[in-house]
Ligand SMILES: Nc1nc2c(c(=O)[nH]1)N[C@H]1C(S)=C(S)[C@@H](COP(=O)(O)OP(=O)(O)OC[C@H]3O[C@@H](n4cnc5c(=O)[nH]c(N)nc54)[C@H](O)[C@@H]3O)O[C@H]1N2
Ligand SMILES: Nc1nc2c(c(=O)[nH]1)N[C@H]1C(S)=C(S)[C@@H](COP(=O)(O)OP(=O)(O)OC[C@H]3O[C@@H](n4cnc5c(=O)[nH]c(N)nc54)[C@H](O)[C@@H]3O)O[C@H]1N2
Ligand code: SF4
Ligand SMILES: [Mo]
């Protein structure tokens with residue numbers, strides 16, 4: 001950057017699906033984005049961005065970026081890598097083509113034959129995941145139920161604690177015993193780490209519960225390496241041991257926990273010895289954890305998303321959520337549980353997603369079942385004839401991607417993808433629409449990892465013919481003849497409209513405050529004195545932590561991301577108590593399957609990518625390394641695999657290839673391959689989601705990414 005010229009500085013908010021929601025600065029010279037930095041005066045970001053975003057301005061200028069609308073020419077599959085061939089068209093042609101095609105489909109099949117498909121590729125209220133809901137709900141399309149992430153954890157949380165954020169991540173500096181449970185903080189929640197280290201400096205012990213030695217496990221004082229998917233048994237074992245050792249804060253439990261006697265009975269079977277057999281964690285360690293967690297107050301748990309990714313994930317979450325209440329941790333500043341601060345945000349989700357536009361009886365299709373929906377495996381009347389994808393890349397990120405690819409290749413499917421790049425998904429589109437990046441459009445960012453609401457200014461004009469997502473809905477609404485006021489609002493007006501300014505948590509600030517300061521910490525109480533449940537006050541029907549649910553509680557799917565839609569809830573009965581549910585794919589459940597595919601695989605986030613973003617940039621791939629498969633020395637030896645060998649990971653759903661990393665960071669029986677790599681850029685046309693299953697994990701219809709068996713072989 002030329003230091004001579006003083007840049008113009010604009011407020012930025014990282015748009016990614018990341019708990020940190022960094023406050024940024026866009027530096028602009030002569031209308032060009034020359035630098036993007038972390039905001040120094042932000043108490044959480046503290047001036048630093050992560051390795052993914054440290055050259056965000058270059059990302060905006062990536063020469064591979066989509067600049068113009070494209071239309072497919074020739075038959076499907078006639079382009080590179082089995083994708084389509086495209087030619088440039090105008091926006092006018094693109095919108096008219098979409099309108100004409102949709103009118104045709106609606107005339108024959110009805111509007112539910114069209115399905116939007118989006119996720120948190122952009123989290124913004126104006127440009128992100130839910131931004132299309134008002135338009136698609138008005139059009140009467142199938143509702144896209146979104147449960148990629150945290151739906152199991154959130155369903156369990158709402159059942160147990162009600163809609164409140166829990167411990168402030170910044171209050172962790174006051175904790176004395178910090179448990180990071182199924183979270184790889186150093187890679188996925190980087191800006192929380194300094195608060196944890198500060199607590200450590202003040203005497204706290206850091207414990208990581210993770211099946212393999214992640215970066216974060218390596219940085220902890222104590223790594224508890226349990227078998228994946230056995231968290232429910234471990235948590236119930238800790239409860240059992242707390243009771244046996246007389247460590248329960250009975251006064252807190254009597255006042256603020258509903259169902260303790262029943263939970264005690266449930267936990268009775270989970271003796272430390274039994275738990276050792278199930279989880280692989282030594283009985284003495286279970287007892288030690290129970291003792292230290294209960295006596296080192298304040299104790300706090302940071303739960304990660306990965307907890308929900310196996311059959312019993314949400315049931316395990318409920319058991320973990322009980323721990324701070326039994327230990328009385330909630331009494332203290334920095335004690336309790338951090339799930340998602342998002343529940344406290346004064347966002348008007350109903351205004352943002354307009355569920356009132358949904359006609360009664362409209363169906364919902366879950367985003368993890370895209371392959372089934374497109375291939376006809378899911379019986380649908382009408383079938384899906386058009387798919388509109390934005391802010392997500394299902395061919396990389398959804399389970400059972402071979403099935404999705406098969407569906408996307410249907411000649412009779414009209415697919416539109418709004419994107420930055422020709423991704424693994426976009427390459428199968430009929431129409432591709434070029435989208436703006438964060439510095440090019442105005443937005444308002446909530447957070448699922450901090451209590452800051454962050455404003456994102458438009459710093460530069462979009463390059464080429466890129467348009468903000470919000471423009472899509474204006475253009476398409478005009479094309480489809482909708483004149484509801486929401487489709488005529490500017491981005492500034494939408495930013496303002498989606499916030500409940502009268503909520504006391506907004507502290508009387510207004511849009512002008514954001515334009516001046518860029519961010520605002522919602523008023524949930526000061527970091528250094530905040531103990532939201534010292535006196536109970538849980539926002540549940542009983543006002544208590546509900547470890548025991550009313551008998552008639554039904555499975556429901558939680559979270560604002562599912563379009564606030566209540567028409568298609570599951571309704572299946574729920575175990576009134578937390579519990580341990582074994583994984584779906586195990587030797588016990590299916591000996592034949594386990595014989596063919598003896599290894600369990602987990603596919604956590606890559607350090608150097610943000611989901612599938614950046615995984616097409618050569619320098620980012622160099623930093624992260626090509627797709628690798630971590631395998632234990634014992635499992636490598638029996639398969640004649642040496643460090644660095646190309647290997648194939650396969651099961652009946654598909655396969656992918658990567659380089660073996662033989663390491664005792666993973667225990668025998670387990671392999672680890674991180675997520676995000678594009679299948680088209682991998683050694684073979686496959687990724688970690690070629691082998692994953694589209695089975696739900698139970699409560700909240702969460703995915704089962706950690707609950708899959710595979711075999712690994714050397715590729716000659
Ligand atoms: N660098 C980077 N950061 C990211 C993302 C990214 O792609 N890259 N993605 C963002 C998104 S969308 C999300 S949801 C968050 C997720 O962030 P995290 O919650 O940290 O999720 P993961 O990295 O998938 O998994 C965290 C850890 O859980 C472990 N794990 C897997 N299965 C189990 C299990 O059954 N039990 C236990 N106890 N542990 C298990 C994994 O080994 C891993 O080390 O990260 C966000 N931040
Ligand atoms: N095996 C396995 N699979 C997983 C997971 C796992 O742990 N293991 N994790 C799951 C989780 S937690 C999640 S959250 C999902 C995430 O899945 P996705 O949300 O699909 O993940 P991203 O790769 O971030 O996809 C975002 C896409 O949106 C595009 N995009 C970004 N901003 C914009 C914008 O403003 N406009 C438009 N039009 N496009 C934009 C990006 O270019 C990118 O291609 O993946 C899930 N898949
Ligand atoms: S991806 Fe996360 S850590 Fe990186 S800049 Fe964005 S919010 Fe911050
Ligand atoms: Mo996620």
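Of note:
- A single entry from 112, 127 fulfils the requirement of being crowded, with 23+ Cβ neighbours inside 10 Å, part of a helix (DSSP H, G or I), away from ligand 4 (no atom under 16 Å from the Cβ) and touching a residue at least 40 places away in the same chain (Cβ under 8 Å): 112.
- Whichever residue in the range 156-165 is in contact with a helix residue (DSSP H, G or I) (Cβ under 6 Å, 6 or more places away or on another chain) and assigned to a loop (DSSP other than H, G, I, E, B) and, among such residues, is farthest from ligand 2 (Cβ to nearest atom): 164
- Within the range 56-86, restricting attention to residues that are in contact (Cβ under 8 Å) with a residue 40 or more places away in the chain and within 16 Å of ligand 3 (Cβ to nearest atom), the residue that is nearest to residue 185 (Cα to Cα) is 56.
- Residue that is surrounded by the most Cβ atoms within 10 Å (Cβ to Cβ) [pool: residues in the range 439-459 that are away from ligand 1 (no atom under 16 Å from the Cβ) and within 22 Å of the chain's Cα centre (by Cα)]: 456
- Some residue of the range 49-60 being closer than 29 Å to residue 520 by Cβ, within 16 Å of ligand 4 (Cβ to nearest atom) and not in a strand (DSSP E or B): yes
- In the range 134-155, the residues that are at pLDDT 95 or above and in contact with a helix residue (DSSP H, G or I) (Cβ under 7 Å, 6 or more places away or on another chain): 134, 135, 137, 138, 139, 140, 141, 142
The values are calculated or read from the model by the stated rules, or taken from the named source; none is laboratory data. Values in this document were obtained by computation on a predicted structure and should not be read as measured data. Positions of Cβ are generated from backbone atoms using ideal geometry, with glycine treated the same way; all protein chains shown enter the neighbour counts.
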